[in-house]
Amino acid sequence: MPDNTENTHDKNRRQLAWVVALSALALMFDGYDLVVYGTVLPTLMADPSQIGQLSAGQAGTLGSYALVGVLVGALSAGAVSDRIGRRKVVLASITWFSIGMAATAFAQSIAVFGILRFLTGIGLGAILATVGALVAEFAPPEQKNRLNAIVYSGIPAGGVSASLMALIVDPSGSNWRILMAIGAAPLVLLLPFAIAKLPESQLWLDSRGQTVEAARAAAATDAVGFGALARRPLAFPTMLLGLMSFSGLLLTYGLNTWLPKIMEDNGYGKAYALTFLLVLNGGAILGGLLASYVADRTGAKPVVATTFVLASLMLLLLPLGLPLGVLFAAVAIAGVGTIGTQVLIYGLVANYYPTRARGAGVAWCAGFGRLGGIVGPIIGGALVAAGVGSTTAFQIFAGVALLGAVVAVAVPRSPEEPVVDVALDDGLPA
């Protein structure tokens, strides 16, 4: 018996390691896709021979096409993964967005580029909404926030990768196509390992009635997936969590799309402008991991509210002509409070819901939040097109961060879950 217990423990640890590693790598390409558009945008706007004449307003709208796709993919995947399982959705999503990125590299017109960005976004949204539920169902209670932060740090890590690649491969001319094509790498480098090593969630299997306990729990309620989100006690917190994600993703996408352009317009060279993007995402990774360590001990809610406030303060400082070293530090802290905060939000949401509604809950917050991601680039594009100074742009983003903090404070404690979930999901954040 001790040997069997030890073998089971070792198997669970191996499965958890594969889930975390594969999920983080998959989300790296979500982050890569997010930031690579911002790195190639100046080239697309300056060189009409690439995909056509692109104005600032069109560029902001074009940047939102992928996010509309993410919205569709996230909402669709949430309902599907709660019914057919997490593993199948992850494998299909990796295949989908890899092919989409490869095709985008060959786009010859604004219309085709936009359509392919939308289609790619569907796969990215599906993976984004599914891995949070998957990790939450494998992670030990005392490590839920930390492991979710590690996984979702794949997004800013992908942003760092995109920034570095743009510094290595000058995106001018047709080189931007190389940067887009790199996003197809998961089809070859990741998918084979995911097929071989990614397990299905036992909690999901149990929640579908494959154990006696789960069958009794299922008999006690007919609300599964999105149906559970629309009913008490989940309806009100679901609305607030969606608004919180909306704020975080508006900041994430708005800054990642337009920070290089805004800083370039303020007199910083192209290399410096891209470096600000690198610092923003690098700060998000390190700060997000540190904040998740605190969240496992104090609860995620107060940490999210605090980092939102930090973001607001730093964004107000950015246009004040700070010394370069201080400016880089402020950008890094702003990264913690924007992109890093969104990493924490994904962890909070994934651990907030019972298993029967977890996939739908994560999908709702990722999907509704992407409306903020759609608005962010459009706001940035409108401000740049109107010639509005960086002070006003950063003040608007700072206000959004403050709104996110207020919403985070208003989220109620996680409701009581069915008995089968309470035993396995102990330690849910406040």
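The values are calculated or read from the model by the stated rules, or taken from the named source; none is laboratory data. Bear in mind the structure is a predicted one, so any value in this text is a computation, not a measurement. No Cβ is skipped: glycine too gets one built from the backbone with ideal geometry, and neighbour counts run over all protein chains shown.
I need the helices (runs of 4 or more DSSP H) fully contained in the range 1-106, keeping only those with at least 3 residues that are among the polar types (S, T, N, Q) and closer than 16 Å to Ile127 by Cα.
Fully inside the range 1-106 and qualifying: 86-104.
Of the conditions (1) of a type in the set (Asp, Glu); (2) in contact with a Ser or Thr (Cβ under 9 Å, 6 or more places away or on another chain); (3) over 18 Å from Ala366 (Cα atoms), Glu142 fails just one. Which one is it?
(2)
Mind listing whichever residues of the range 383-430 are at pLDDT below 50, in a helix (DSSP H, G or I) and not hydrophobic (A, V, I, L, M, F, W, C)?
Asp421
Report yes if some residue within the range 332-339 is surrounded by fewer than 24 Cβ atoms within 10 Å (Cβ to Cβ) and either free of Cβ contacts under 8 Å to residues at least 24 places away in the same chain or under 30 Å from Thr275 (Cα atoms) (or both); otherwise report no.
Within the range 332-339, one or more residues are surrounded by fewer than 24 Cβ atoms within 10 Å (Cβ to Cβ) and either free of Cβ contacts under 8 Å to residues at least 24 places away in the same chain or under 30 Å from Thr275 (Cα atoms) (or both).
Can you tell me which residue in the range 161-171 is nearest to Gly283 (Cα to Cα), limited to those that are among the aliphatic types (A, V, I, L, M) and surrounded by fewer than 23 Cβ atoms within 10 Å (Cβ to Cβ)?
Leu164
Considering (1) at pLDDT below 85; (2) over 23 Å from Val20 (Cβ atoms); (3) hydrophobic (A, V, I, L, M, F, W, C); (4) outside any loop (DSSP other than H, G, I, E, B), say which one Met165 fails and leave the rest.
(1)
Tell me, yes or no, whether the range 116-123 has at least one residue that is surrounded by fewer than 21 Cβ atoms within 10 Å (Cβ to Cβ) and either part of a loop (DSSP other than H, G, I, E, B) or of a type in the set (Lys, Arg) (or both).
No - not one qualifying residue is present in the range 116-123.
Scan the range 34-48 and give yes if some residue there is over 21 Å from Thr252 (Cα atoms), without any contact (Cβ under 8 Å) to a residue 60 or more places away in the chain and surrounded by 15 or more Cβ atoms within 10 Å (Cβ to Cβ), otherwise no.
Yes.
Any idea which residue in the range 63-91 is modelled with the highest pLDDT, counting only those that are touching a Phe, Trp or Tyr at 6+ places or on another chain (Cβ under 7 Å) and under 29 Å from Pro42 (Cα atoms)?
The selected residue is Gly69.
Give the residue, chosen from Ala26, Ala56, that is farther than 22 Å from Val169 by Cα, touching a Leu at 6+ places or on another chain (Cβ under 7 Å) and either in contact (Cβ under 8 Å) with a residue 12 or more places away in the chain or of a type in the set (Phe, Trp, Tyr) (or both).
Ala26
Regarding the range 186-199, can at least one residue be identified that is at pLDDT 80 or above and within 30 Å of Ser49 (Cα to Cα)?
yes
Just one of the numbered conditions (1) over 18 Å from Leu250 (Cβ atoms); (2) in contact with a Gly (Cβ under 6 Å, 6 or more places away or on another chain); (3) modelled with pLDDT of 80 or more is not true of Ala350; which one?
(3)
From the list Thr298, Thr338, Thr306, Thr355, pick out the single residue that is farther than 28 Å from Ala74 by Cα and polar (S, T, N, Q).
Thr298 is the lone residue from the list that is farther than 28 Å from Ala74 by Cα and polar (S, T, N, Q).
Would you mind finding the one in Ser81, Ser76, Ser109, Ser55 that is within 17 Å of the chain's Cα centre (by Cα) and either surrounded by fewer than 24 Cβ atoms within 10 Å (Cβ to Cβ) or within 20 Å of Asp30 (Cβ to Cβ) (or both)?
Ser76
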